[in-house]
Amino acid sequence: MATKVLVVDDAAFMRMMVKDILSKNGYEIVGEAENGAVALAKYQELKPDLVTMDITMPEMDGITAVKEIKKADPNAKVIMCSAMGQQAMVIEAIQAGARDFIVKPFQPERVLEAVRKAVG
Amino acid sequence: MDTNQYMEMFLEESKDHLQSLNERLLDLEKDPADSDAINEIFRSAHTLKGMSATMGFNVIAELTHDMENVLDLIRTDKIKADEDIIDVLFKCIDALQQMVDNINNGEPEDSVDVKELVDKLNSIAATGGDKAPASFKAKTTAEPAAKKDANSENPPANIELSDIDIDLINSAKKSGLRAMHVKVTLAETCVLKTARSYMVMSALDEIGDVIKSIPSTEDLEQEKFDLTFDVILLTGEEEQKVESVLMNISEIARVDIELIKVPDAPKKEVTTAKKAAVPAVAKKNAPAVKKQAIQHHDNMKSGQSVRVGIEKLDSLMNLVGELVINKTRLEQIGNTHRIAELVETVEQMDRVTGDLQSIVMKVRMVPVGQVFNRFPRVVRDLAKELNKEVNLTIEGEDTELDRTVIDEIGDPLVHLIRNSMDHGIEHPDEREAKGKPPIGQVGLIARHEGNNVIIMVTDDGAGIDADIIRSKAVEKSVITQDDADNMTDAEAVRLIFLPGFSTSDVITDVSGRGVGMDVVRTTIEALGGVIDVETKKNEGSVFKIKLPLTLAIIQALLVNVQEEIYAIPLASIDSTINITSEDIKTIQNKETIVIRGEIIPIVRLDRALNVSHIEDKKDEEIYVVIVHVGDKKCGIMVDKLIGQQEIVIKTLGKLLSGVKVISGATVLGNGQIALILDVAILMQ
């Protein structure tokens with residue numbers, strides 16, 4: 001069984017990017033969400049093994065989404081997708097239970113490293 | 001990494017974000033306390049930064065990063081979004097737009113000079129914030145400067161331990177814990193070092209106690225360290241375990257662990273026994289992940305959408321068109337050979353192609369809001385430029401139109417709006433003198449009307465003075481004085497649509513170069529639409545554009561002129577009547593007929609099209625198709641009416657683009673070609 005991943009980002013471009021990197025390396029993208037609220041709903045619906053979560057999003061931001069997802073499933077594995085200058089938010093997300101973070105612009109090896117380590 | 005495959009998507013999404021930036025910045029300008037607006041602007045700038053950095057467009061990334069700094073200060077109420085800042089931000093958006101356009105056209109992004117803007121942003125950020133965040137460039141260049149060979153032997157340095165530390169270590173040892181000196185080296189590429197060190201610290205906290213770190217926790221939090229930091233850990237775990245825990249964190253280049261031996265007597269120098277140092281960049285040795293095709297899950301359903309290139313939709317539309325032609329052909333075969341089964345099957349097929357057609361049509365439909373949404377910005381800039389106060393109201397932005405029409409309609413609308421603001425709306429004092437509110441109203445309204453969409457540009461300005469138009473037209477020899485005297489006001493006003501006409505006394509940047517309105521008219525007519533104007537002095541003008549919903553497949557009436565078949569678009573047909581030659585009266589040298597008290601000029605199609613007469617009909621019924629363009633009506637005399645049919649419009653191609661009376665052609669069921677008449681031109 002391939003590892004199931006839910007990709008969350010408000011930019012379809014970024015989702016496409018992450019999707020491509022992961023699916024080319026044998027991960028299965030089971031869903032996408034464009035904001036935290038959708039991500040939470042999809043998480044409960046799809047039960048993915050891993051979530052890649054953007055931080056800055058409309059409706060519900062990534063940090064709140066991590067907290068909510070963790071509330072629903074304490075074992076949830078979430079990797080934050082941040083940009084430079086979001087250090088404090090990344091730390092907050094880690095405190096909220098995110099496993100790891102990757103920084104835009106994405107390097108495919110970094111993304112894969114993070115995913116591999118998070119899934120264990 | 002090859003980013004070309006993402007280019008299209010990058011461009012699409014960048015355009016969306018630029019649009020949203022423009023809109024929300026306008027909102028923010030109206031209400032500087034609008035926190036939703038500033039948050040959304042911040043998000044858009046942020047997303048643009050991430051996307052452009054990924055694509056390697058560093059100038060865009062740099063500019064958006066600096067914008068973000070300023071936006072963050074506004075967002076956190078550290079500075080106020082005053083007019084200057086808003087102006088700078090608007091200019092930034094323009095620069096971004098320019099760069100995205102450049103990329104779109106295959107030109108380099110950096111042909112736009114953003115230095116001035118970056119400086120302005122930075123000076124705003126410097127005055128506003130308590131500490132100005134580092135600029136994007138400084139940050140990115142700082143990182144590679146801190147290069148170190150992470151794979152070299154790098155044993156933990158000796159650490160000065162205080163007496164308290166030694167006491168702690170000793171008592172820990174008594175309770176069976178180990179004291180370790182852990183040296184962590186981050187990967188060179190690590191960007192958010194503090195966040196990474198935070199992850200290391202929390203991982204260590206889970207398996208033991210960190211009693212000391214070098215540099216201090218505060219320095220770690222402020223990123224005051226290079227790639228390495230040292231900690232003293234008290235833990236019950238083995239070294240290997242500690243190492244594997246740390247190595248499981250991303251972006252850790254290596255971990256060196258030494259057990260700390262503290263002599264019984266407190267001694268400040270600590271000797272350390274060396275432990276295996278594991279080169280950690282073992283990514284390449286990691287088990288190769290099996291390539292697997294992605295399985296599409298059934299549960300990927302809710303609210304999914306796909307972006308499709310317009311050219312794919314165009315070819316789909318074309319194929320559906322071909323299908324309709326073939327269907328018509330089958331229909332005809334069935335009818336000619338009286339094959340009931342075929343006729344039945346074709347009827348079924350008719351329903352399916354009908355549905356297919358309407359779906360394809362719907363897919364191609366785009367809300368007109370896509371065009372309208374750029375106007376608030378246009379109006380704002382123009383109002384500033386002209387020193388007028390104008391309020392723009394937009395209605396019916398959900399009204400949908402064919403994508404092709406949407407793409408073409410923007411420029412004519414810009415022109416109309418510019419005209420309304422330049423010529424129509426008066427200056428505030430002038431308006432007040434006329435007893436009008438000082439703020440002028442410009443409206444942009446779209447709505448459905450049968451098989452058409454109506455777009456109106458309204459203003460409550462000075463209106464168009466028919467007499468001025470008359471005299472200008474005579475002066476520019478567009479018409480003669482006689483013509484002018486005989487014209488009604490409404491007709492005179494329509495002269496503005498003629499080539500070479502401009503009423504503005506001064507040629508401004510905004511409008512009035514005299515090429516405007518006739519270009520607008522030509523564009524709209526090329527889209528199969530019509531434009532008309534209504535105006536009242538000192539009350540304003542209404543420009544009304546009527547556009548067909550789609551350009552590809554229309555209902556038409558097929559008629560015969562001698563042996564030739566022509567198609568007249570059903571949308572412009574009022575009625576068909578039979579007359580005899582006695583009904584035709586000649587008034588002012590023009591042939592006309594009177595229907596229900598209305599005098600309607602007639603056009604003999606055979607003469608207009610130069611179709612040679614084969615037979616002459618006398619005292620027979622003559623078929624007349626009454627058509628209309630705007631308020632004007634006209635009767636087209638034809639030899640025979642064939643019937644109503646759905647036709648697929650094919651362009652005549654470049655070679656025949658000069659032929660005015662014919663707007664296109666279509667292939668009929670029997671393979672014959674029918675030319676489609678351009679009614680508006682036929683009437684002139």
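The values are calculated or read from the model by the stated rules, or taken from the named source; none is laboratory data. Bear in mind the structure is a predicted one, so any value in this text is a computation, not a measurement. Here the Cβ is made from the backbone with ideal geometry for all residues, glycine too, and neighbour counts use every protein chain on show. We work out accessible area using only protein heavy atoms, side chains counted, and drop any ligands, DNA or RNA first. Shrake-Rupley method; radii C 1.70, N 1.55, O 1.52, S 1.80 Å.
I'd like to check something: does region A:92-103 contain any residue that is more than 8 Å from chain B (Cβ to nearest Cβ), in contact with a Pro (Cβ under 8 Å, 6 or more places away or on another chain) and not basic (Lys, Arg)?
Yes, some residue in region A:92-103 is more than 8 Å from chain B (Cβ to nearest Cβ), in contact with a Pro (Cβ under 8 Å, 6 or more places away or on another chain) and not basic (Lys, Arg).
So, in region A:71-118, exactly how many residues are part of a helix (DSSP H, G or I), open to solvent by 40 Å² or more (accessible area, probe 1.4 Å) and in contact (Cβ under 8 Å) with a residue 24 or more places away in the chain?
So the count comes out to 3.
Can you tell me which residues in region B:102-133 are within 14 Å of chain A (Cβ to nearest Cβ), open to solvent by 50 Å² or more (accessible area, probe 1.4 Å) and either at pLDDT 50 or above or in contact with a helix residue (DSSP H, G or I) (Cβ under 9 Å, 6 or more places away or on another chain) (or both)?
B:132, B:133
Go through region A:77-88 residue by residue and tally those that are modelled with pLDDT under 90 and closer than 14 Å to residue A:63 by Cα. Step through it out loud before you land on a result.
Initial filter on region A:77-88 (modelled with pLDDT under 90): A:82-88.
Narrowing further to those that are closer than 14 Å to residue A:63 by Cα: A:82-83, A:86-88.
Matching residues across region A:77-88 total 5.
Keeping to region A:38-68, report how many residues are within 12 Å of another protein chain (Cβ to nearest Cβ) and either open to solvent by 40 Å² or more (accessible area, probe 1.4 Å) or closer than 20 Å to residue A:13 by Cβ (or both).
Initially, region A:38-68 is screened for residues within 12 Å of another protein chain (Cβ to nearest Cβ), giving A:38, A:41-42, A:44-48, A:54-59, A:61-62.
This time we only want the ones that are either open to solvent by 40 Å² or more (accessible area, probe 1.4 Å) or closer than 20 Å to residue A:13 by Cβ (or both), so: A:38, A:41-42, A:44-45, A:47, A:54-59, A:61-62.
Residues flagged as within 12 Å of another protein chain (Cβ to nearest Cβ) and either open to solvent by 40 Å² or more (accessible area, probe 1.4 Å) or closer than 20 Å to residue A:13 by Cβ (or both) within region A:38-68 amount to 14.
Could we say that residue B:53 is over 22 Å from residue A:56 (Cα atoms), assigned to a helix (DSSP H, G or I) and either modelled with pLDDT of 80 or more or within 21 Å of the chain's Cα centre (by Cα) (or both) here?
Details: over 22 Å from residue A:56 (Cα atoms): no; assigned to a helix (DSSP H, G or I): yes; either modelled with pLDDT of 80 or more or within 21 Å of the chain's Cα centre (by Cα) (or both): yes.
Answer is no for this residue.
Do the conditions hold for residue B:26, that is, is it open to solvent by less than 20 Å² (accessible area, probe 1.4 Å), more than 8 Å from every other protein chain (Cβ to nearest Cβ) and under 19 Å from residue A:104 (Cβ atoms)? If you could, list the steps in order and put the result at the bottom.
On the way: open to solvent by less than 20 Å² (accessible area, probe 1.4 Å): yes; more than 8 Å from every other protein chain (Cβ to nearest Cβ): yes; under 19 Å from residue A:104 (Cβ atoms): no.
The answer is no for residue B:26.
From the list B:399, B:480, B:404, pick out the single residue that is more than 30 Å from residue B:359 (Cα to Cα), hydroxyl-bearing (Ser, Thr, Tyr) and either modelled with pLDDT under 85 or surrounded by 18 or more Cβ atoms within 10 Å (Cβ to Cβ) (or both).
Values: B:399 fails: more than 30 Å from residue B:359 (Cα to Cα); B:404 fails: more than 30 Å from residue B:359 (Cα to Cα).
When all the criteria are applied, what remains is B:480.
Does residue A:30 count as at the interface with chain B (Cβ under 9 Å from one of its Cβ atoms), touching a helix residue (DSSP H, G or I) at 6+ places or on another chain (Cβ under 8 Å) and open to solvent by less than 20 Å² (accessible area, probe 1.4 Å)?
On the way: at the interface with chain B (Cβ under 9 Å from one of its Cβ atoms): yes; touching a helix residue (DSSP H, G or I) at 6+ places or on another chain (Cβ under 8 Å): yes; open to solvent by less than 20 Å² (accessible area, probe 1.4 Å): yes.
The answer is yes for residue A:30.
What's the total number of residues in region B:384-400 that are acidic (Asp, Glu), under 21 Å from residue B:455 (Cα atoms) and not in a loop (DSSP other than H, G, I, E, B)?
Our first condition is that a residue be acidic (Asp, Glu); within region B:384-400, this holds for B:385, B:389, B:395, B:397-398, B:400.
Next cut, under 21 Å from residue B:455 (Cα atoms) only: B:395, B:397-398, B:400.
With the extra rule that they be not in a loop (DSSP other than H, G, I, E, B), the set shrinks to B:395, B:400.
Selection size over region B:384-400: 2.
Being assigned by TED's automatic domain parsing to the domain that holds residue B:448 and either acidic (Asp, Glu) or open to solvent by 80 Å² or more (accessible area, probe 1.4 Å) (or both) narrows it down to one of B:331, B:322, B:385, so name that one.
Details: B:331 fails: assigned by TED's automatic domain parsing to the domain that holds residue B:448; B:322 fails: assigned by TED's automatic domain parsing to the domain that holds residue B:448.
Exactly one residue qualifies, and that residue is B:385.
Considering only residues that are part of a helix (DSSP H, G or I) and either over 19 Å from residue A:118 (Cα atoms) or free of Cβ contacts under 8 Å to residues at least 24 places away in the same chain (or both), look in region B:240-257 and name the one that is least open to solvent (accessible area, probe 1.4 Å).
Restricting to residues being part of a helix (DSSP H, G or I) and either over 19 Å from residue A:118 (Cα atoms) or free of Cβ contacts under 8 Å to residues at least 24 places away in the same chain (or both), the top hit is B:244.
Considering only region B:472-501, state which residues are outside any helix (DSSP H, G or I) and of a type in the set (Lys, Arg). Write out each step before concluding.
Taking region B:472-501 as the starting set, the residues that turn out to be outside any helix (DSSP H, G or I) are B:476-480, B:487-488, B:498-501.
Result: B:476, single match.
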